[in-house]
Amino acid sequence: MQTDIFTRQNEDNMKKFLAECKVDYTKKIDYPPVALSLGNKVLQTKNGNLVLPIPIGTYGNISMISAPAKTKKTFFVSLLTAAYLSGDNPYCGGIKGHRGSRSVLHIDTEQGKWHCHRTFQSVYDVANIDDKEKYHTFGLRSIGWKNRIPFIEHCLDKIKDVGLLCIDGVSDLLLDPNNPEQSNEVAEKLMQLSENYNCHILTVIHSNHGSEKARGHLGTSLINKIETEIRLEKNPINTDWTTVHCKVSRGYPFETFSFKVNNNGYPEVITDIYDPLK
């Protein structure tokens, strides 16, 4: 009896998956809408030139920021989040957000509440938007790792139309980022969330000491799933700057650029000074 119930449930699931996962290659499908971009790519077509934004990230996909300690990863997440919220912003150089009316869910797993507050407040100040209901912020350091992914999924259910999910400290979603099974489960879950909620998920992970490789088995698992890997490093010419590289991209890579933290404590793209690393 139990076997029959299981078989029926399995058949129902397979029917659902057949409809959900089928890709009809004979029909035109649009490129995933861009969530964040930097610069444009001009393509020549039979109907003339087509100008497309070069994506940092698209909806329904995942990107990863990897960097060693103290390279201003959190400031860079703030910069991208502010760009997404505002659309076009003088602090953000050529980085543009394609938000429409969608919301942001910003998760920090590492900092205490005071530092989280300072980070989230700087995003709001730089973005300079009027609608606070579009920017939702949570610090998850006080809750156990087992509850963090369920909490994030709960927020995605309750907050209307999240377009950008930032997870600053993706390694804190599991007990051991060197555990292959846990790492694969987290990477797969993030992939499902990005698809099911049609949002872009921006993750942050430390790189191994003395290496550009993202830390642990989690870094390896994410590399296999992400659309873009963004690499941060201290600028050797001006150590107050951080240089941003597009290390991996499924589309056109964006150009290298640098940013700094200005006198007001806000991240700001370097646009008016020659950067020899660009």
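The values are calculated or read from the model by the stated rules, or taken from the named source; none is laboratory data. Just so we're clear, the structure is a prediction, and the values are computed from it rather than from any experiment. We place every Cβ from the backbone using ideal geometry, glycine too, and count neighbours over all the protein chains shown.
Report, by residue number, each residue of the stretch 249-268 that is in contact with a helix residue (DSSP H, G or I) (Cβ under 7 Å, 6 or more places away or on another chain) and not small (Gly, Ala, Ser). Listed by number, the residues that qualify are Phe259, Val261, Tyr266, Pro267, Glu268. Annotation note: of Asn49, Asn10, the sole residue that is of a type outside the set (Gly, Ala, Ser), in contact with a strand residue (DSSP E or B) (Cβ under 9 Å, 6 or more places away or on another chain), outside any loop (DSSP other than H, G, I, E, B) and without any contact (Cβ under 8 Å) to a residue 60 or more places away in the chain is Asn49. The residues of the stretch 15-31 that are over 16 Å from Asn196 (Cβ atoms) and at pLDDT below 85, listed by number, are Lys15, Lys28, Ile29, Asp30, Tyr31. Comparison of Thr243, Thr220, Thr239, Thr256 shows that the only residue that is more than 16 Å from the chain's Cα centre (by Cα) and either at positive phi or without any contact (Cβ under 8 Å) to a residue 12 or more places away in the chain (or both) is Thr239.
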